[in-house]
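Enquirer: First, the structure itself, so that you have it in front of you.
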Amino acid sequence: MTPLSNVSLLTNISRPTSGSRTQRGTYFIQTWGCQMNEEDSEQMALYLQELGFVPSQNPREAHVVLLNTCSVRKKPEDKAFSFLGELKLLKDSRPDMVVGVCGCMAQVRADEIKQRAPHVDFIVGTAQISSIPGLVEEALQGKRFAKRLELPERKGAIVTQIPQRNVERKGKLKAFVPIQYGCDKFCTFCIVPTTRGRERSRPTEHIVEEVRRLAELGTKEVTLLGQTVNSYGKNLAEGRVPFSKLLKILSGIPGIERIRYTSPYPRDFKSDLVEVIRDVPQVMEHCHMPLQGGHDTLLKRMKRLYTVESYAEIVRELRAAVPWIGLTTDVIVGFPGETEEEFEGTIAAMERFRFDGAFMFKYSPRPDTPAAEMEQVDSALASRRLDHLIDIQRKITLEINENLVGQSFEVMVEGPSHKDKSVWQGYSRCFRMVHFTPTDSITPGDLVSVVAKRGHPFGLSGELE
Ligand code: SF4
């Protein structure tokens, strides 16, 4: 259950408005899932602000409540249904409250949502965010139940329909910029090609325009988003634009000091990208490249289209080009049919690659994916394996961070730490969280040099140089 009183403030969108319009009421957006969803929620917030709504921290009093859902695992889906159940009670007492369900779960489970939560006013798929203002207006006028689920473009089509996007009026130090939507890879465990449709890239000029606008508003760091971000640039009307070329173009925009991206797909990782990471100072020396499994038969069942050795070759090339590069990854434990030997392979791969950090997950069957039909691993066994792998990785991360004591890191200052306001924090170029004691002259957005004094499992603590 997700009691409304416990709704995470970290994931609800509440940004200041321009204040130029008449206030029509308040909104609350609850977000689950990845950075792409967070970014989509920001777009939703901007649309609602343009309609004249202002943010509220409290769904109990908001006039418009949007749920931006995630389908990658079962847990966030359960939370969304639980939240909808609680909203039913509110809607009974305030029938004029507008409730919309958006995101990946909306895309694939619209009929079930309508059946289980008839109090929902509209359901919006991942490619239809720009229809939200019209749907809110219709709901306010009493029109009940609408859904917009169209996913654009078949595979390989030239991109002509691209989502309309707003840029927040007030500058932020860091911003996400989607450059590619959907995915053509169809890994057997993954629901994304169904929830977000086939792979399509945004035209380069639109991305450049957005990043330039963000820079004018004060953004210094952009993170480019795509499911397989390094396959960017196919099927554009302007012709093919390799991801490495896009990075070079964006690095020339005045004011943009740091460029990150997530997540590259290993098979599409080519030498031109390694060269850009090595040669272009605005492109950060960090790469989050999902491994998912450490044994070839496991990777084959996942349909990951690379082998442990071909992955190792990319790691070798990256570390040869930039020895201090930060490498992080995603790993699934308990994938259907995972044998002891395959799991040992994953452990061996983690010990061989010595990632700086890893997100490790227990496999969660997703409806209508091939892996959901395969023979499942006993849940308790999968949990034990996951705990074991987390232990191993935690030790590796700690060892790496402790070995960095004495080295200097360029850190972009973000501000006071959430836990201890007397200590400030920021990220190094290689994506380590660094804590340090500030001086009066330091402000968020500054690039400072910090010498590491202590390594810990989640980063470094140090002193300004
Ligand atoms: S590459 Fe695989 S895991 Fe990643 S989004 Fe595409 S189908 Fe899903």
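No lab work stands behind these numbers, since they all come straight from the coordinates. For clarity, every value in this text was computed on a predicted model and none was experimentally measured. Heads up, the Cβs are rebuilt from the backbone with ideal geometry, glycines too, and the neighbour counts pull from every protein chain shown.
Enquirer: Would you kindly give the portion of the calculated P(r) for the range 4-148 that falls above 21 Å, as a percent of all Cα pairs?
Expert: 34 percent
Enquirer: Now, a different point. Can you give the convex hull volume per residue for the Cα atoms of the range 408-464, as a whole number of Å³?
Expert: Once divided by residue count, the hull of the range 408-464 is 71 Å³.
Enquirer: Helix-derived [θ] at 222 nm for the chain: sum -39500 (n - 2.57) over DSSP H runs of at least 4, divide by residue count, nearest 500?
Expert: Value at 222 nm, helices only, nearest 500: -10500 deg cm²/dmol.
Enquirer: Once Lys and Arg get +1 and Asp and Glu get -1 on their Cβ, which of 226, 293, 404 lies farthest toward the positive end of the dipole of the chain?
Expert: 226
Enquirer: Counting residues in the range 21-87 as N, plug N into 2.2 N^0.38 Å and put the Cα Rg over that result.
Expert: Output field value: 1.16.
Enquirer: Excluding same-chain residues fewer than 8 positions from residue 88, which lysines have a Cα within less than 29 Å of its Cα?
Expert: Output for residue 88: 74, 75, 79, 114, 143, 147.
Enquirer: In the range 153-284, if every C-alpha pair distance is counted and binned at 5 Å from zero, what percent goes to each bin?
Expert: Reading upward from the zero bin: 2, 11, 21, 23, 20, 14, 8, 2, 0.
Enquirer: Moving on. With +1 on each Lys and Arg Cβ and -1 on each Asp and Glu Cβ, how big is the dipole of the chain about its Cα centre, in debye rounded to the nearest 20?
Expert: So the magnitude is around 900 debye.
Enquirer: Based on alpha-carbon positions alone, could you give the equivalent ellipsoid semi-axes of the chain from the gyration tensor, as √(5λ), descending, whole Å?
Expert: 35, 28, 23
Enquirer: Isolated Cys in the chain by the 4.7 Å beta carbon test?
Expert: Cysteines of the chain left without a disulfide-compatible partner: 34, 70, 102, 104, 183, 287, 430.
Enquirer: Which of the GluC sites (Glu not before Pro) across the range 347-423 are loop residues per DSSP, with 12 or fewer other Cβ within 10 Å?
Expert: Sparse-neighbourhood loop GluC sites (Glu not before Pro): 375.
Enquirer: Let me ask another. With the contact rule set at Cα under 8 Å and sequence spacing of 6 or more, what percent relative contact order holds for the chain?
Expert: It comes to 9 percent, rounded to a whole number.
Enquirer: Now a separate question. Among 234/303; 185/300; 220/453; 172/419, which pairs are too far apart, with a Cα-Cα distance over 18 Å?
Expert: Too far apart for the 18 Å limit: 234/303; 220/453; 172/419.
Enquirer: May I pose another question? Pairs of alpha-carbon atoms within less than 8 angstrom and 6+ residues apart define the contacts here; what relative contact order does the range 289-403 have, in percent?
Expert: Averaging sequence separation for qualifying contacts and normalising by length gives 30 percent for the range 289-403.
Enquirer: Report relative contact order for the range 408-464 in percent, whole number only (criteria: Cα-Cα under 8 Å, sequence separation at least 6).
Expert: Relative contact order here is 36 percent.
Enquirer: For the range 289-403, what is the convex hull (Cα atoms) projected area averaged across all directions, in square nanometres?
Expert: 7.0 nm²
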